[in-house]
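This report concerns only the one structure given below.
Every number in this text was worked out from the coordinates using simple rules, so none of it is lab data. As the structure is a computational prediction, the values presented were derived from the model and not from experiment. Here the Cβ positions follow ideal geometry from the backbone for every residue, glycine too, while neighbour counts run over all protein chains shown.
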Number of protein chains: 2
Amino acid sequence: MSRANLSTQTCTVARSVALVGDEWTFMIIRELFLGNNRFGDFLSQTGMSSHLLSQRLKKLETEGVIQRKPYSERPPRYEYHLTAMGRDLWPAVIALKQWGDRWLSDGEVPVEIIHKGCGHITQPQVTCSECGEPMAAHDSEPHLSQSILAERQTARTHS
Amino acid sequence: MSRANLSTQTCTVARSVALVGDEWTFMIIRELFLGNNRFGDFLSQTGMSSHLLSQRLKKLETEGVIQRKPYSERPPRYEYHLTAMGRDLWPAVIALKQWGDRWLSDGEVPVEIIHKGCGHITQPQVTCSECGEPMAAHDSEPHLSQSILAERQTARTHS
C-alpha cells in the first residue's frame, strides 16, 4: 500500500497523515502558526530544500490547508496563510509540542502558550466534551463503525 | 537540513516529528491504540512493507516509544506494546483523527471515542489548564524562550 492509498482508507487518522503526516509539512505548519508566511522564511527556519518546500506548499494549497495571497505585483510575490482547515490543525501541533516538551526536551520549554482569553501561560489539556474531565489514553475506548470493521476484517483475511 | 537534524533543534515540535512524524509510524501507533500488538496485524492493517515495518518498530523501540514482550518461546515471538511515552501520544493521534473527521471524511465518523470515566461518546476538546475554557489557534499566542529566539535569529541571518 502506498501513502496515496492511506488517503482512501475509511480511517480518518490514515487520511490525515496521508495529507499532513510528514516532518516537513509539520515544519511549514509550525512556521505559519509562529506568524511566518513567506517562502524565504520557511526555507531558512526549516532548513528544507526549496524543491521540497515548493512541492509541499503546492500540495497544501491544492488540498485547502493553506492559501496564497499576493503581497507584491512587480515582481509577483505571494504569502501563504492557513485556511480555517489549516488553523484547525492547531490541536495536533500543540499535542506534538507537549509530547516533545515532556519526553524529548533538554529541560527548558522552548515555547510557552499564552491563552489570550485569560491571559495566563497555559498547558492545554484534552478534556471530555460530556463531563469536562481531563482525558488520556487509558480513559478512552474506541468504538468502530460497521464500515471500518468490515474494511479491517477484509484486510485481515486478505493478508 | 536532514530529518536527523530536526531532532536536535530546540523546538520540541521539530524533535517530535523527527521521531514520529511520518505516515507509517502514525499507522503503527494507531494499531497499538486499537489493541493490535503483533507484527502480522500491523502488516495487514497498515499495508506497509515488512521491511519498512521492521525499520519503524526498531526505531520506536530504541527511542522508548514501544517495548517488545515475548509471547512465544519456541519459536521466539514478540508482541509490541506502547510505553508510558508511547501512550502519551494519544492526544496527537486524537487530534489528527478529529481533524480528519471534520475535513476529510465521507460523512460518517468511523471511530467514536468513549470516555470510560463518564461512559459517554465524547468529542475530546482542548481546554486551557488555567481557566478551563476551550482553546483554538486564535485564542493562543506563542511565547518563545531566549534560546529558541537566538536559534531562529541565527537561521535567518545565515540563510
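Mean shadow of segment A:18-84, computed from the convex hull of its alpha carbons, in nm²? Provide the component values of the computation, followed by the final result.
Details: hull surface 17.9 nm².
The Cα convex hull of segment A:18-84, projected and averaged over all directions, gives 4.5 nm².
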Quiz prompt | Long-range lysine pairs (8 or more apart or interchain), segment A:44-130, Cα under 26 Å | solution = 5
Quiz item: Out of B:52, B:32, B:104, any idea which swings most in a Gaussian network model of chain B, alpha carbons joined below 10 Å?
Solution: B:104
Quiz item: With springs only between Cα atoms under 10 Å, which of A:128, A:118, A:11 fluctuates most in a Gaussian network model of chain A?
Solution: A:118
Self-check item: Qualifying GluC sites (Glu not before Pro) in segment B:1-78, DSSP loop, other Cβ atoms within 10 Å at most 15
Solution: B:73
Quiz item: Which residues' amide hydrogens lie under 5 Å from the amide hydrogen of residue A:123, considering only partners 5 or more residues apart or on another chain, with H built in the peptide plane?
Solution: B:129, B:130
Quiz item: Sorted from largest down, what three extents in whole angstroms do the Cα atoms of chain A have along their principal axes?
Solution: 58, 43, 30
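Give the residue list of trypsin sites (Lys or Arg not before Pro) in segment B:82-135 that are DSSP loop and have at most 14 other beta-carbon atoms within 10 angstrom.
Passing sites in segment B:82-135 are B:116.
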Self-check item: Net length gained if the chain between residue A:77 and residue A:149 were fully extended (0.36 nm per residue, minus Cα distance)
Solution: 21.1 nm
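Can you put B:83, B:25 in order of Cβ neighbours within 10 angstrom, beginning with the fewest?
Details: B:83 15, B:25 21.
In increasing order of surrounding Cβ atoms, one gets B:83, B:25.
Kindly give the semi-axes, whole Å and largest first, of the ellipsoid equivalent to the protein assembly as shown, taking each as the square root of 5 times a Cα gyration tensor eigenvalue. List each step's numbers first, then the result.
Working: eigenvalues 200, 105, 86 Å².
Listed largest to smallest, the semi-axes of the protein assembly as shown are 32, 23, 21 Å.
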Quiz prompt | Gaussian network model of chain A, Cα within-10 Å springs - most flexible of A:40, A:117, A:107 | solution = A:117
Self-check item: Distance in nm between pseudo-label sites at residue B:156 and residue B:118 (7 Å out along the Cβ direction from Cα)
Solution: 4.4
Quiz item: With a sphere of radius 12 Å drawn around the Cβ of residue B:55, what net charge do the other residues whose Cβ falls strictly inside it have (Lys, Arg +1; Asp, Glu -1)?
Solution: +1
Quiz item: To one decimal in nm, how far is residue B:119 from the same spot in the other copies, if labels go 7 Å from Cα toward Cβ? Please give the shortest first.
Solution: 4.3
Practice problem: In nm to one decimal, list the spacings between the residue B:132 label point and its equivalents in the other copies, with label points set 7 Å along Cα to Cβ, shortest first. | Solution: 0.4
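Exactly which trypsin sites (Lys or Arg not before Pro) in segment B:27-60 are in a DSSP loop and have at most 15 other Cβ atoms within 10 Å?
Values: sites: B:30, B:38, B:56, B:58, B:59; in loops: B:38.
For trypsin sites (Lys or Arg not before Pro) across segment B:27-60 that sit outside H, G, I, E and B with at most 15 neighbouring Cβ atoms in 10 Å, the list reads B:38.
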Practice problem: Enter the mean number of other protein chain beta carbons within 10 Å of the beta carbon of each residue in B:35-46, as an integer. | Solution: 3
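State whether segment B:94-142 is rounded, prolate or oblate according to the following rule on the C-alpha gyration tensor (a ≥ b ≥ c being the square roots of its eigenvalues): a/c under 1.5 gives rounded; otherwise a/b larger than b/c gives prolate, and the remaining case gives oblate. Intermediate values should be presented prior to the final figure.
On the way: a/c = 3.45, a/b = 1.30, b/c = 2.64.
The shape class here is oblate.
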Self-check item: MRE, 222 nm, helices only [DSSP H, n ≥ 4, -39500 (n - 2.57), over chain A, to nearest 500]
Solution: -13500 deg cm²/dmol
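What is the dipole size for segment B:43-83, taken about its Cα centre, with +1 at each Lys and Arg Cβ and -1 at each Asp and Glu Cβ, in debye to the nearest 20?
Working: 7 positive and 4 negative charges, 16 e Å.
The calculation lands at about 80 debye.
Rounded to the nearest whole Å³, what is the per residue volume of the convex hull around the Cα atoms of segment A:46-103? Numbers along the way, then the final one.
On the way: hull volume 6.5 nm³, N = 58.
Roughly 112 Å³ of hull volume per residue.
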Quiz item: What average number of partner chain Cβ atoms lie no more than 10 Å from the Cβ of the residues making up B:21-33?
Solution: 5
Quiz item: What are the nm distances, shortest first, from residue B:55 to its equivalents in the other copies, labels at 7 Å along Cα→Cβ?
Solution: 1.5
